[in-house]
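Read through the structure below, which is laid out as structure tokens, and then see the notes.
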Amino acid sequence: MNASASASAPTTADTLRSALGGLLDGLPPKQAAAAVERLIANYRGRTPTDAPVLRDRSDVAAYAAYRMPATFEAVRAALDGLAEAAPDWVPGSHVDVGGGTGAATWAVDTTWDGPRTTTVLDWAEPALALGRELAASSPSAVLRGAEWRRAVIGAGLALPEADLVTVSYVLGELTPEARRAVVAEAARAGQAVVLIEPGTPEGYLRIREAREQLIGAGLRVAAPCPHDGTCPIEVGRDWCHFSARVSRSSLHRQVKGGSLPYEDEKFSYVAATRFPVEPAPFRITRKPQIRKGLVLLDLCGPSEGPSAGLTRATVTKRHGDLYKAARDADWGREWPPGS
């Protein structure tokens, strides 16, 4: 991540939370909660459709207040993986497919500095209208200047060519045919493509299928995988997913209950590019287990060699600085750090 952008990340997140704060004013709590419950079912991938999930202002307000912070944090974490693999690359143009209220555009603006054209495509006009309204409150000239355009997300989608194409929490809304068409068009139009889905077994399978499609289209995997080979996970026994911490809003507490000020958003993703990248040699695939005098790291490694596939590393005090790094390591980060 660009050092300046990293320093501004909390400010961007706080600005977004502040902009979301008043969205539910005037909306009955029961109506907001009902809209959220329906949206949760959709975003878990249970009801693929060929129609917009966000139907009216009430849906959009509930979605933005409840889901937008989590989507923002998940996309930001995925973009970190791409930025680590391509540290000298900065996108000058960005297209967000099915971008809704614009969480991914905020995440991109957090990850990279510099001028950039941004286009958000969605089939729900109420979502685009609210996204435009939220962006207007941002201190970022890139967000304020973004173009918000209505488009049918599915077969027949035509994207402008862009340095970066993002598709976050969208594939699960689509029929299989529409899903393949969207991934194919993203691969055609983008120099880099980042796809994010919920961190469920179903979401992982959609990402796994899309990953194979991107590789087949000539792109190379930048993150999270250390290689372009077959995923070593046995389908049905496990799934690849990661976690991002999200501050809980009052609507979160109303719908889910509980007293913690945060929750962890689980997500699966793939980032792939048409330009050279340096993927992580290993990726931490589970929360590190810290024991007395040692740390256990579950890793995904190269596709060949003695450390291929899924392995577990034991890092002890005898490893010196590496042990200190292991104690501070996060689920989803590259290993060893700075490699």
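The values are calculated or read from the model by the stated rules, or taken from the named source; none is laboratory data. All of these numbers come straight from a predicted model, not from anything done at the bench. Methodologically, a virtual Cβ is constructed for each residue, glycine included, from the backbone with ideal geometry; neighbour enumeration extends over all protein chains shown. Remember, those area values only see protein heavy atoms, side chains included, never the ligands or the DNA or RNA. Shrake-Rupley method; radii C 1.70, N 1.55, O 1.52, S 1.80 Å.
See the values below:
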read-out: Failed item, numbered, when GLU133 is tested on (1) more than 20 Å from GLU265 (Cα to Cα); (2) modelled with pLDDT of 95 or more; (3) among the charged types (D, E, K, R); (4) open to solvent by 30 Å² or more (accessible area, probe 1.4 Å); value: (2)
read-out: Odd one out for ARG149 among (1) in a strand (DSSP E or B); (2) basic (Lys, Arg); (3) under 18 Å from the mean Cα position of the chain (by Cα); value: (3)
read-out: Candidates GLU209, GLU173, GLU177 - the one that is under 19 Å from LYS266 (Cβ atoms), free of Cβ contacts under 8 Å to residues at least 60 places away in the same chain and either of a type outside the set (Ser, Thr, Tyr) or surrounded by fewer than 21 Cβ atoms within 10 Å (Cβ to Cβ) (or both); value: GLU209
read-out: In the range 212-236, the residues that are crowded, with 16+ Cβ neighbours inside 10 Å, aliphatic (A, V, I, L, M) and over 16 Å from LEU82 (Cβ atoms); value: ILE233
read-out: Residue ranges of helices (runs of 4 or more DSSP H) in the range 1-112 with at least 3 members farther than 26 Å from GLY156 by Cα, at pLDDT below 80 and open to solvent by 10 Å² or more (accessible area, probe 1.4 Å); value: 3-20, 29-43, 57-85
read-out: Qualifying residues in the range 281-296 (those that are among the hydrophobic types (A, V, I, L, M, F, W, C), without any contact (Cβ under 8 Å) to a residue 40 or more places away in the chain and touching a Lys or Arg at 6+ places or on another chain (Cβ under 7 Å)) - the one least open to solvent (accessible area, probe 1.4 Å); value: VAL295
read-out: Of the criteria (1) in a loop (DSSP other than H, G, I, E, B); (2) touching a residue at least 60 places away in the same chain (Cβ under 8 Å); (3) not β-branched (Val, Ile, Thr), which one GLY218 fails; value: (2)
read-out: Qualifying residues in the range 142-159 (those that are in contact (Cβ under 8 Å) with a residue 24 or more places away in the chain and open to solvent by 50 Å² or more (accessible area, probe 1.4 Å)) - the one nearest to VAL194 (Cα to Cα); value: ALA158
read-out: Residues of the range 301-315 classified as open to solvent by less than 20 Å² (accessible area, probe 1.4 Å) and in contact with a strand residue (DSSP E or B) (Cβ under 6 Å, 6 or more places away or on another chain), total; value: 2
read-out: Scope the range 180-200; condition open to solvent by 10 Å² or more (accessible area, probe 1.4 Å), farther than 22 Å from GLU73 by Cα and either touching a strand residue (DSSP E or B) at 6+ places or on another chain (Cβ under 9 Å) or modelled with pLDDT under 95 (or both); matching residues; value: GLU185, GLN191
read-out: Test: residue in the range 102-113 that is more than 21 Å from PHE267 (Cα to Cα) and either of a type in the set (Gly, Ala, Ser) or in contact with a strand residue (DSSP E or B) (Cβ under 7 Å, 6 or more places away or on another chain) (or both); value: no
